[in-house]
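Below: one structure in structure tokens.
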Amino acid sequence: MSTTPETTLLEKVTSLCKRRGFIFPSAEIYGGFRSTYDYGPLGALMLRNVKNAWWKSMVQMRDDIVGIDAAILSPPAIWAASGHLETFTDPLVDCKNCHERWREDKIDGVCPKCGSTELTEARAFNLMFKTQAGPVADEGATAYLRPETAQGMFTNFSNVLSTSRKKPPFGIAQIGKSFRNEITPGNYVFRTREFEQMEMEYFVPPADAEEWYRYWIQQRYQWYLDLGIPADQLRLLEHDAADLSHYSKGTTDVEYLFPWGFDELEGIANRGDYDLSAHTAASGVKLEYFDQGTNERYTPWVIEPAAGATRAMMAFLLSAYHEDEVEGEVRTVLRLNWNLAPYQIAVLPLSKKPELESVSREVLAKLQPHFMVDYDVTQSIGKRYRRQDEVGTPLCITVDFDSLEDRAVTIRDRDTTEQTRIKIDDLLHEIWNRTTPA
Ligand code: GAP
């Protein structure tokens, strides 16, 4: 168990992420760029694993959900119909003393920077990034960077329905970048202006919407548990009717115990027929389903689990971070789930001698088609184990001089530090046995 005080856990994880190549401040050589981050070699692997785990559970393992990849650049018509042009705003106030800008609903009537209570009246600040498509900057050139991936799934409803031959209940899933001009980004990658979402729109007969809403709340909660977040760090929070978004008939958040308290990881919303009806009205194209069984035409209701990939990665990192004691020394270990760890395995030849290298490379080649494998030859074996523990590699495979004789290697388990001797020919079988696919 970690003995880290919660206040410094965030600093420790942030520092580890920088030091080991998970997450770098963006444009660092120019002094950084406003709460923007780049994912380094290990971070890119882990973020990909988070998205793959989501895609596997939402698309690959189901016959009722298909995936798409829609455009980020989008015309104003979409955002007028969705309600974002009018209502996707935060209340912005200026401090009259130090001129800092704040989200009124996030401060208690006092400027957090200088303590002044002299604040301007709140005005609605639209969070969408507006840009121009093409060389002529007239009205018709206005485009927006999508603030959510959801709308691409509504606007493609008929395309997907007719090409996939699905019928309600069925879902459309998508992973991709979204952009919001957040007034106060912060808490590391928790709230950034550029981030990745993993969203799914599940289209159902209206009468079944409540049942599916409850179903998806449980499914999504379980996903985080299955990937290693302890139950006491997760909770479900149903929104009061007064706090619901403009489209929602009910929303429940999956919350994670971040260092500053429980906060949103994902929202599951019952969006009713709001989106399909709004796009039908605005575009003139009927986004409906004709049920040949009952001869009825209707607008499906939508249940939407909407998660953040970058935010989920942060929660997985925080909950995996531990400091324990091995052979009298404190070690830092990321107890990441097998499916999320940047590398599943590290191959570590005991020395740089060429005869060891050839058998080590043979082991590496055997594993690489199936797993992401690190190959590390520098420094003592103890130091290399610590390095792998710190980035969450579940298994280390050590190749030593005996390996040349007995064609066996030592597998070391990250969590128990237990070591087992295994024949090279049995390696793959042994590793499959030890792991549970996501
Ligand atoms: N389509 C509904 C929708 O976008 P949301 O609650 O605004 O709902 C869904 O966003 C998820 O996207 C959030 O739960 C969060 O994980 C992630 N998210 C939203 N804004 C974010 C930001 N500025 N930075 C990082 N992640 C964000």
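The values are calculated or read from the model by the stated rules, or taken from the named source; none is laboratory data. Everything quoted here is computed from the prediction, not taken from an experiment. Here the Cβ positions follow ideal geometry from the backbone for every residue, glycine too, while neighbour counts run over all protein chains shown. Accessible surface is based on the protein model in full, side chains and every heavy atom, while ligands, DNA and RNA are left aside. Shrake-Rupley method; radii C 1.70, N 1.55, O 1.52, S 1.80 Å.
Restricting to segment 31-52, and then to whatever is free of Cβ contacts under 8 Å to residues at least 12 places away in the same chain and not in a helix (DSSP H, G or I), can you tell me which residue is surrounded by the fewest Cβ atoms within 10 Å (Cβ to Cβ)?
Selected residue: G31.
From the list Y221, Y213, Y247, pick out the single residue that is in contact (Cβ under 8 Å) with a residue 24 or more places away in the chain, open to solvent by less than 60 Å² (accessible area, probe 1.4 Å) and closer than 26 Å to D90 by Cα.
Only one candidate passes the filter, namely Y247.
Then there's this: Does A70 satisfy the condition of being surrounded by 14 or more Cβ atoms within 10 Å (Cβ to Cβ), under 30 Å from R331 (Cβ atoms) and small (G, A, S)?
Judged against the criteria, A70 is not a match.
With respect to E323, determine if the residue is surrounded by 13 or more Cβ atoms within 10 Å (Cβ to Cβ), charged (D, E, K, R) and within 10 Å of the ligand (Cβ to nearest atom).
no
Where residues in segment 73-89 are within 30 Å of S162 (Cα to Cα) and either without any contact (Cβ under 8 Å) to a residue 60 or more places away in the chain or hydrophobic (A, V, I, L, M, F, W, C) (or both), which of them is surrounded by the fewest Cβ atoms within 10 Å (Cβ to Cβ)?
The residue in question is L73.
For segment 1-30, which positions are part of a loop (DSSP other than H, G, I, E, B) and at pLDDT below 95?
M1, S2, T3, T4, P5
Shifting gears a bit: Within segment 88-133, restricting attention to residues that are of a type in the set (S, T, Y) and outside any loop (DSSP other than H, G, I, E, B), which residue is nearest to A70 (Cα to Cα)?
T131
Do the conditions hold for V136, that is, is it of a type in the set (V, I, T) and modelled with pLDDT of 95 or more?
no
Do you know which residues across segment 266-315 are of a type in the set (V, I, T), more than 16 Å from the ligand (Cβ to nearest atom) and in contact with an Asp or Glu (Cβ under 9 Å, 6 or more places away or on another chain)?
Correct list: T280, T299.
Scanning for something open to solvent by 60 Å² or more (accessible area, probe 1.4 Å), at pLDDT 95 or above and either part of a helix (DSSP H, G or I) or of a type outside the set (S, T, Y) (or both), does segment 140-149 turn up at least one residue?
No - not one qualifying residue is present in segment 140-149.
Related question: From the list Y321, Y298, which residue is in contact (Cβ under 8 Å) with a residue 12 or more places away in the chain, within 22 Å of Q151 (Cα to Cα), touching a strand residue (DSSP E or B) at 6+ places or on another chain (Cβ under 9 Å) and of a type outside the set (D, E, K, R)?
Going through Y321, Y298 in turn, just one is in contact (Cβ under 8 Å) with a residue 12 or more places away in the chain, within 22 Å of Q151 (Cα to Cα), touching a strand residue (DSSP E or B) at 6+ places or on another chain (Cβ under 9 Å) and of a type outside the set (D, E, K, R): Y298.
Restricting attention to segment 178-209, and to residues there that are part of a strand (DSSP E or B), within 14 Å of A306 (Cβ to Cβ) and within 11 Å of the ligand (Cβ to nearest atom), which single residue is farthest from the chain's Cα centre (by Cα)?
Here the residue is E201.
Given the condition over 30 Å from A306 (Cβ atoms), surrounded by 13 or more Cβ atoms within 10 Å (Cβ to Cβ) and small (G, A, S), answer yes or no: does some residue in segment 114-121 qualify?
Yes; the residues of segment 114-121 include at least one that is over 30 Å from A306 (Cβ atoms), surrounded by 13 or more Cβ atoms within 10 Å (Cβ to Cβ) and small (G, A, S).
In segment 224-234, is there at least one residue being within 11 Å of the ligand (Cβ to nearest atom) and part of a loop (DSSP other than H, G, I, E, B)?
no
Working only within segment 156-170, note down all residues that are in a helix (DSSP H, G or I) and either in contact (Cβ under 8 Å) with a residue 40 or more places away in the chain or open to solvent by less than 50 Å² (accessible area, probe 1.4 Å) (or both).
Within segment 156-170, F157, S158, V160, L161, S164 meet the criteria.
Name the residues in segment 254-266 that are open to solvent by 10 Å² or more (accessible area, probe 1.4 Å) and not aromatic (F, W, Y), would you?
Of everything in segment 254-266, those that are open to solvent by 10 Å² or more (accessible area, probe 1.4 Å) and not aromatic (F, W, Y) turn out to be E255, L257, P259, G261, D263, E264.
Look at M153 and say whether it is in a helix (DSSP H, G or I) and within 11 Å of the ligand (Cβ to nearest atom).
Yes: the conditions hold for M153.
Where in segment 367-438 are there strands (runs of 3 or more DSSP E), lying wholly inside it, with at least 2 residues that are under 21 Å from L336 (Cα atoms) and open to solvent by less than 30 Å² (accessible area, probe 1.4 Å)?
The qualifying strands (runs of 3 or more DSSP E) are 395-399, 408-413.
Of the residues V136, V59, which is outside any strand (DSSP E or B) and surrounded by 12 or more Cβ atoms within 10 Å (Cβ to Cβ)?
Selected residue: V59, the only one of V136, V59 that is outside any strand (DSSP E or B) and surrounded by 12 or more Cβ atoms within 10 Å (Cβ to Cβ).
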